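As structure tokens, the structure follows; a few thoughts come after it.
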Amino acid sequence: MKNEYHIALGWGLALSVSLTAILGLPMLAGASAVLQNQVAWQLRVQDFENTDLAQVGRTSLVSELAQTQLDRTITSPWMLDMQMNMESTSSAQDLVAQAKSTRQQVQCLSEAVYYEARSENSTGQKAVAEVVLNRVKNKHFPNTICSVVYEGAERTTGCQFSFACDGSTAQLPSGKSWEHSKRVAEHMIMGASAPMTWRATHYHTTGVAPKWAPMLRQTRQYETHVFYRFMPRKSTLRTVSVAP
């Protein structure tokens, strides 16, 4: 009886050891992996701490930036990298701002084309858009498309472009005419069209005879729009409306 008891006890101990080994070995292996990772990171930290900054290689891009654009007093490659990243971030922000501004300018020019010349063919529409762009380049007018298109809209004396004040904008642009107007605006802003109005800064429709027309030089006519530019003269030029 005692022998049977000892045999059973022996088998129980053997099973316990086996189960402990089976369950414990993966845990030990996991713990070992964690320890290995910790050691690896500690060594990595030590490597960084012991690195001689003067021996760290620089990319040619960082070197070129250091020579041409960055502060020459900065010698640490880590600082140079940080400076480069800051410059890149600033450039990216500038690009976003430029993209937003360009979108606004395209919108304003599209509205001018739509409300002023959507019944014209593409040539007539491009000519109207060119007048806006010519004004942007001319020192006697605002220097952005939106400012040119809506010049005078805030005053009671009237707008430079009649649609901005006569209630036309109460009806929002839509349909194929609007899509075509946007394409024309984008085309003109990109400079994809050869000059066609001989630097015209004014126009009117053929159905009217504005008082300012005799004071300007007629350049071209497209469809129902007649185009003009300032006559060369020494006296101060007076801004006049481009449309009735």
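The values are calculated or read from the model by the stated rules, or taken from the named source; none is laboratory data. Every value quoted in this text rests on a predicted model; they were computed, and no experiment measured them. A quick note on method: Cβ atoms are made from the backbone with ideal geometry, for glycine too, and the neighbour counts reach across all protein chains shown.
Points to keep in mind about this one:
- Filter result for ALA127 (touching a strand residue (DSSP E or B) at 6+ places or on another chain (Cβ under 8 Å) and at pLDDT 60 or above): yes
- Residue tally, condition loosely packed, with under 13 Cβ neighbours inside 10 Å and part of a loop (DSSP other than H, G, I, E, B), over the range 159-183: 4
- Applying the condition of being surrounded by 15 or more Cβ atoms within 10 Å (Cβ to Cβ) and among the β-branched types (Val, Ile, Thr) to the range 187-222 and asking which residue is farthest from PHE163 (Cα to Cα) yields THR219.
- Odd one out for GLU186, checked against (1) modelled with pLDDT under 95; (2) in a loop (DSSP other than H, G, I, E, B); (3) not β-branched (Val, Ile, Thr): (2)
- Annotation for the range 126-143: no member residue is more than 26 Å from MET231 (Cβ to Cβ) and outside any loop (DSSP other than H, G, I, E, B).
- Of all the residues in the range 181-194, those that are over 18 Å from ARG103 (Cβ atoms) and touching a residue at least 40 places away in the same chain (Cβ under 8 Å) number 1.
- Scanning the range 113-132 for residues that are hydrophobic (A, V, I, L, M, F, W, C) and either surrounded by fewer than 23 Cβ atoms within 10 Å (Cβ to Cβ) or in contact with a Phe, Trp or Tyr (Cβ under 6 Å, 6 or more places away or on another chain) (or both), we see that the one that is nearest to PHE161 (Cα to Cα) is VAL131.
- The set of residues from the range 189-203 being modelled with pLDDT under 95 and in contact with a His (Cβ under 8 Å, 6 or more places away or on another chain) comprises just one member, SER193.
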